Structure formats: structure tokens, C-alpha cells
Amino acid sequence: MIWHKDIGTAPDNDFKRKHQVIFRYTRSKYPKFNQIKDPVFNEDRYDQIDENGRKFFIRGDTGKKCYADEGVPADDVWSYLRDDRLRELNSMSNERIGFDTQKPVYLLERIIKASSNENDLIADFFIGSGTTVAVAEKLNRRWLGCELGKVGIQVARGRMVEMKSK
């Protein structure tokens with residue numbers, strides 16, 4: 001997946017880097033995939049309204065009604081331009097813990113919901129501040145987290161202890 005961020009670094013000798021490639025790995029030949037939906041970006045195509053006031057269009061190939069409020073299947077490029085919750089965490093964000101590669105909770109919620117079910121095991125081998133394992137815990141997944149840095153371990157552990165106390 002590509003996470004298109006709103007903030008990026010601008011090296012002198014290359015294009016501004018405003019995205020990260022996010023890899024997901026699975027042991028299974030047939031990985032789990034739970035379809036997630038994005039909001040409809042442009043409703044011009046939804047030119048009919050049903051008896052309940054819902055906008056829709058009819059697919060030409062199937063004749064199926066497609067409703068604007070049901071969203072569209074997410075693609076593999078997730079952008080802050082379509083969903084403000086996918087913005088990179090700036091220095092003023094309440095979520096910000098102080099790790100350079102920290103991801104927004106919402107981004108990790110989407111990834112975990114799309115690729116696992118409750119009680120599945122989520123592994124993150126570079127947990128940093130612990131966002132992945134915190135989200136996995138919140139979504140009722142089992143989790144495994146590894147980190148070499150002592151500060152990261154302390155921050156992630158503190159975060160998990162705080163979650164358990166709520």
C-alpha cells in the first residue's frame with residue numbers, strides 16, 4: 001500500500017518524498033482480506049435518488065444500484081486528500097509521541113481491520129512507540145511487538161499499561 005502524506009522531506013537533489021510504502025506479510029497462501037470502503041469522492045455519477053432520499057447510480061454491466069453513502073472499495077493508495085484522518089502526525093497532534101516514523105492510529109486501524117479478524121495475531125517487529133500493538137489491542141487482536149531501543153520499549157509498555165487501566 002502507498003500512504004500519501006501531506007508532509008514530506010525535500011532533498012536538494014530529488015523529488016519531495018510525500019509517501020511511504022507499507023508492506024503487509026502473511027504466512028497463508030490465501031491471506032484474509034476484509035473489504036474496507038472509502039467515502040465517495042465525487043458524487044456527480046450518482047444521478048438518481050431513491051424513495052429514502054439516497055443518491056445512487058445503476059451499474060451498466062450488472063444493473064446493480066450503487067449508493068453513494070455506502071462508499072467505494074478502497075484502493076492501494078491511501079491519501080490525506082480523500083480522508084483527513086490519514087494526515088501525517090504533525091508536531092502539534094495529540095497522537096504524537098515523538099517517534100519519526102509514527103503512524104496515525106486511523107491508518108493502522110484500516111490496515112488491521114482489512115487484514116485480520118478478532119483474536120488473530122498481529123506482529124510488528126519495529127514497534128517504536130507501540131501504535132500498532134495499541135490499535136491491535138483496541139480491536140481485540142492478539143499481538144506481538146519487538147523493539148531494540150530502550151526508549152521505545154518504555155514508551156510502548158507505558159502506553160499498553162495506560163490502555164489496560166481505562
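With the alpha-carbon atoms of the chain aligned to their principal axes, the span from lowest to highest coordinate is 58, 46, 36 Å, starting with the largest.
Residue separation of Tyr67 and Val21 scaled by 0.36 nm, minus their Cα-Cα distance, works out to 13.5 nm of gained length. Sorted fewest first by neighbouring Cβ atoms within 10 angstrom, Val133, Val105 come out as Val105, Val133. Placing unit charges on the Cβ atoms only, positive for Lys and Arg and negative for Asp and Glu, gives the range 89-166 a dipole magnitude near 160 debye about its Cα centre.
If only the Cβ of Lys and Arg carry +1 and only the Cβ of Asp and Glu carry -1, the dipole of the range 23-164 around its Cα centre is close to 640 debye. Here the Karplus curve 6.51 cos²θ - 1.76 cosθ + 1.60, taken at θ = phi - 60°, turns the phi angles of the range 35-42 into couplings of 4, 10, 10, 9, x, 5, 7, 10 Hz, with x standing for Gly and Pro.
Computed from the coordinates by the stated procedures, all read-outs in this text should not be read as laboratory data. All figures in this text were calculated on a predicted structure; none of them were measured in a lab. As a convention, Cβ positions derive from the backbone with ideal geometry for all residues, glycine included, and neighbour counts pool all protein chains shown.
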